[in-house]
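Encoded as structure tokens, the structure appears first; notes follow it.
The values are calculated or read from the model by the stated rules, or taken from the named source; none is laboratory data. Everything quoted here is computed from the prediction, not taken from an experiment. Here the Cβ is made from the backbone with ideal geometry for all residues, glycine too, and neighbour counts use every protein chain on show.
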Amino acid sequence: MATEIDLDDVMLSVEAAAAWQEMSQRVTLGLKQLLLRGREIDLEQIPDEQARIEDDGTLTIYLDIVDVLSVSMPVPANHWWRKQ
């Protein structure tokens, strides 16, 4: 069973961090496009990214903005470490 953890408790490899940064930029652009098209989005209510350790050791970083969008990115087991 997957285990939810705080993303602040995780260290990512340089490659994984760069990939998540790129994903975050795409999400930001998508949200800007929705706002420009008149979609009402309460920016104050956007949650922080979350993380989940999967049964196979991969980490899934995800963001779920209810009724707007949901994105996730798997991080291979050898590209993340839990802080002690």
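Collect the residues in segment 51-75 that are surrounded by 11 or more Cβ atoms within 10 Å (Cβ to Cβ), in contact (Cβ under 8 Å) with a residue 24 or more places away in the chain, within 17 Å of Thr3 (Cα to Cα) and out of contact with any Lys or Arg (no Cβ under 9 Å at 6 or more places or on another chain), keeping them in residue-number order.
Within segment 51-75, Ala51, Arg52, Glu54, Leu63, Met73, Val75 meet the criteria.
Is it true that Asp9 is touching a residue at least 60 places away in the same chain (Cβ under 8 Å) and either out of contact with any Gly (no Cβ under 8 Å at 6 or more places or on another chain) or surrounded by 12 or more Cβ atoms within 10 Å (Cβ to Cβ) (or both)?
Answer is yes for this residue.
Name the residue that is farthest from the chain's Cα centre (by Cα), counting only residues in segment 1-35 that are in a loop (DSSP other than H, G, I, E, B) and hydrophobic (A, V, I, L, M, F, W, C).
Keep residues of segment 1-35 that are in a loop (DSSP other than H, G, I, E, B), which gives 1-2, 6, 13.
Adding the requirement that they be hydrophobic (A, V, I, L, M, F, W, C) leaves 1-2.
Working: Met1: 20, Ala2: 16 Å.
That would be Met1.
When you look at Gly38, is it outside any helix (DSSP H, G or I), farther than 24 Å from Met11 by Cβ and modelled with pLDDT of 90 or more, yes or no?
yes
Determine the pairs where a residue that is free of Cβ contacts under 8 Å to residues at least 60 places away in the same chain, located within segment 17-43, has a partner that is surrounded by fewer than 13 Cβ atoms within 10 Å (Cβ to Cβ) with Cβ atoms under 7 Å apart, the partner being 6 or more residues away or on another chain.
Ile41/Leu35
Which residue out of Lys83, Lys32 is at pLDDT below 95, surrounded by fewer than 14 Cβ atoms within 10 Å (Cβ to Cβ), in contact with a helix residue (DSSP H, G or I) (Cβ under 6 Å, 6 or more places away or on another chain) and more than 15 Å from Ala2 (Cα to Cα)?
Lys83
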